[in-house]
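The values are calculated or read from the model by the stated rules, or taken from the named source; none is laboratory data. Just so it is clear, the structure is predicted and the values come from calculations on it, not from any experiment. Here Cβ is always computed from backbone atoms with ideal geometry, including for glycine, and neighbour counts include all displayed protein chains. In case anyone asks, the SASA skips ligands and DNA or RNA and just uses the protein heavy atoms, side chains included. Shrake-Rupley method; radii C 1.70, N 1.55, O 1.52, S 1.80 Å.
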Amino acid sequence: MTQLQTIEIETRPSPNASVIWLHGLGASGHDFEPVVPELRLPADAAVRFVFPHAPELPVTINGGMRMPAWYDIKAMDIDRTVDEAQLMRSADAVGELIEQEIARGVPSERIIVAGFSQGGAVAYQVGLAYSKRLAGILGLSTYFATAKTIQVTECNREIPIRIYHGTHDPVVPESLGRLSLQTLTDMGYEASYKTYPMDHSVSLEEILDIGQFITKHLKLA
């Protein structure tokens with residue numbers, strides 16, 4: 001996979017913390033761009049938000065149509081049948097973005113990885129398997145696609161993990177969010193979970209909660 005194209009938003013000059021935020025299937029890095037000012041981060045916070053664009057891939061569940069995707073979804077069964085090799089390539093590409101942030105002077109422990117839907121599945125893989133300590137993982141309306149194969153690293157054994165899900169989600173049922181929570185708990189992680197009365201989307205209440213997570217774990221306040 002070639003280097004991912006990205007959109008970047010800096011809340012102030014010379015950022016000392018970063019959030020790498022992955023969109024869902026068929027979307028783009030522009031998807032969560034409008035969210036940044038709604039997070040209500042502290043006025044003096046210097047955070048760089050990196051919104052990568054997924055490559056275009058044929059997606060089996062959509063009749064083989066090419067669209068922005070982090071990996072192919074081959075079947076919409078309860079556990080999702082996905083192209084794990086493609087997911088791993090996407091995770092590696094996101095890992096390169098983390099390395100880029102570190103090279104720009106942001107310590108790894110001040111980098112959060114967030115993802116919505118299939119972007120969240122990549123975020124789990126990246127955050128739990130990355131070779132340096134990270135600040136946190138945000139899983140939004142997503143599922144843990146690589147739970148059975150992931151090789152976790154000890155440096156992120158205590159990484160903060162926050163899962164958000166809509167109770168009326170017809171695309172990624174809430175049961176998959178709860179399964180992710182249970183799987184992570186069984187693996188020894190202290191993940192937390194919150195639901196909202198919404199479908200496969202984000203809500204203002206959720207955005208404010210995300211802002212609080214970012215503020216706390218990037219130590220912005």
Exercise for review: Arrange the residues S18, S201 by how much accessible surface each exposes, largest first, with a 1.4 angstrom probe.
Suggested key: S201, S18
Study note, to complete from the structure: Under 5 Å from the placed amide H of A17, counting only residues 5+ away or on other chains, we find R48
Check your understanding: Considering amide H positions built from the backbone, and no H for Pro or chain starts, which residues 5 or more places from M198, or on another chain, come under 5 Å of its amide H?
Key -> T167, H168
Review point. What 222 nm value per residue comes from the helices of the chain, counting each DSSP H run with n ≥ 4 as -39,500 (n - 2.57) and dividing by all residues, nearest 500 deg cm²/dmol?
Key: -8500 deg cm²/dmol
Check your understanding: Mind checking the dipole of the stretch 76-221: about its Cα centre, +1 per Lys or Arg Cβ, -1 per Asp or Glu Cβ, Debye to the nearest 20?
Key -> 440 debye
Check your understanding: What's the angle, to the nearest 10 degrees (0 to 90), between helix 204-217's Cα axis and the longest principal axis of the chain?
Key -> 60 degrees
Revision key, fill the gap. Judged on accessible area alone, 1.4 Å probe, highest first, K194, K148, K74 line up as K148, K74, K194
Exercise for review: Give the residues of the stretch 106-131 whose amide nitrogen is closer than 20 Å to a point set 7 Å from the Cα of S201 in the direction of its Cβ.
Suggested key: 115-120
Exercise for review: Provide the packing ranking of 60-66, 215-221, i.e. peptides ordered by the mean count of other C-beta atoms within 10 Å per residue, highest first.
Suggested key: 215-221, 60-66
Study note, to complete from the structure: One can check that the equivalent ellipsoid of the chain, built from the alpha-carbon gyration tensor with semi-axes equal to the square roots of five times its eigenvalues, has lengths in Å, largest first, of 24, 19, 18
Point to revise | Listed residues D77, D92, D83 arranged by accessible area, highest first, probe 1.4 Å | key: D92, D77, D83
Review point. Can you give me the relative contact order of the stretch 88-221 as a percent, contacts being Cα pairs under 8 Å and 6 or more apart?
Key: 20 percent
Practice item. Count the DSSP beta bridges whose two residues both fall in the chain, then state the antiparallel fraction as a percent rounded to the nearest 5. Key: 30 percent
Point to revise | Selection from W70, Q212, P37, by position along the positive dipole direction of the chain (Cβ) | key: Q212
Review point. Lysines near K74 by alpha-carbon distance under 18 Å, same-chain residues fewer than 8 away left out - which ones?
Key: K148
Check your understanding: How far is helix 174-186 tilted off the main Cα axis of the chain, in degrees rounded to 10, range 0 to 90?
Key -> 70 degrees
Review point. With the other protein chains left in place, how much accessible area per residue, in square angstrom, belongs to the chain at a 1.4 angstrom probe?
Key: 43 Å²
Exercise for review: Identify which of G24, G115, G211 has the largest mean-square fluctuation in a Gaussian network model of the chain, with springs joining Cα atoms closer than 10 Å.
Suggested key: G211
Review point. Ignoring ligands, DNA and RNA, what percent of the 1.4 Å accessible area of the stretch 77-127 is carbon and sulfur?
Key: 49 percent
